[in-house]
1. Residues ASP83, ASP114: which one is modelled with pLDDT under 90, more than 15 Å from the chain's Cα centre (by Cα) and among the acidic types (Asp, Glu)?
2. Would you point out the residue of the stretch 70-95, among those that are charged (D, E, K, R) and farther than 21 Å from ARG60 by Cβ, that is surrounded by the most Cβ atoms within 10 Å (Cβ to Cβ)?
3. With the checklist (1) within 14 Å of ARG115 (Cα to Cα); (2) surrounded by 13 or more Cβ atoms within 10 Å (Cβ to Cβ); (3) free of Cβ contacts under 8 Å to residues at least 60 places away in the same chain; (4) of a type in the set (A, V, I, L, M, F, W, C) in hand, flag the one item VAL28 doesn't pass.
4. Just one of (1) in contact (Cβ under 8 Å) with a residue 12 or more places away in the chain; (2) within 21 Å of GLN111 (Cα to Cα); (3) not charged (D, E, K, R) trips up GLY55, so point out which.
5. In the stretch 70-90, is there at least one residue being assigned to a helix (DSSP H, G or I), closer than 19 Å to GLY117 by Cβ and of a type in the set (Val, Ile, Thr)?
6. What residue, among those in the stretch 1-33 that are farther than 16 Å from VAL49 by Cα and of a type in the set (A, V, I, L, M, F, W, C), is modelled with the highest pLDDT?
7. Quick one: ASP114 ticks every box in (1) touching a Gly at 6+ places or on another chain (Cβ under 9 Å); (2) closer than 16 Å to SER26 by Cβ except a single one, so which number is it?
Amino acid sequence: MKLYAKKYVSIKSDKDFRFLFKRGESIVTYAFVCYVRENKRRVNRMGIVTGKKVGNAVKRSRARRVIREAFRLIDPCLKSSTDKRYDFIFVARAKTPELKSTKLYELMKKQILDRYGKSGN
């Protein structure tokens, strides 16, 4: 019996990352850059990129944790508001490790949910 279920499905292949960077729509905020493209799967997938400009390893890990938590909160809202599923790649910026996950959640809600959730475009 599986006791622990992963809270999101991650994008791992370099091919998928390059495809999204090239063909995905970009959403730019002061905290992150998000590349989005519709997929044909049954789940939303997410990938996170944290470059060295974000800071040292501790700050990069914190940026990934904060983005992961904010996406975990927004994913059920996105699933319930539209039948379409998307691939997301979040690129952390220098401000990302300094933010709380609730602030990042509000940014994601404003940018992603308003654009892709309600209308389903």
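1. It is ASP83.
2. Among those residues, the one meeting the criterion is ASP87.
3. Failing condition for VAL28: (2).
4. (2)
5. Taking every residue of the stretch 70-90 in turn, at least one turns out to be assigned to a helix (DSSP H, G or I), closer than 19 Å to GLY117 by Cβ and of a type in the set (Val, Ile, Thr).
6. ALA5
7. (1)
Yes or no, residue by residue, for (1) in contact with a helix residue (DSSP H, G or I) (Cβ under 7 Å, 6 or more places away or on another chain); (2) outside any helix (DSSP H, G or I); (3) among the charged types (D, E, K, R):
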| position | (1), (2), (3) |
| --- | --- |
| LEU20 | no, no, no |
| SER26 | no, yes, no |
| TYR30 | no, yes, no |
| VAL43 | no, yes, no |
| ILE48 | yes, yes, no |
| ARG60 | yes, no, yes |
| ARG64 | no, no, yes |
| ILE67 | yes, no, no |
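The values are calculated or read from the model by the stated rules, or taken from the named source; none is laboratory data. Here the structure is a predicted model, which is why all the values come from computation and not from measurement. Quick reminder, even Gly has a Cβ in these numbers, built from the backbone with ideal geometry, and neighbours come from all protein chains shown.
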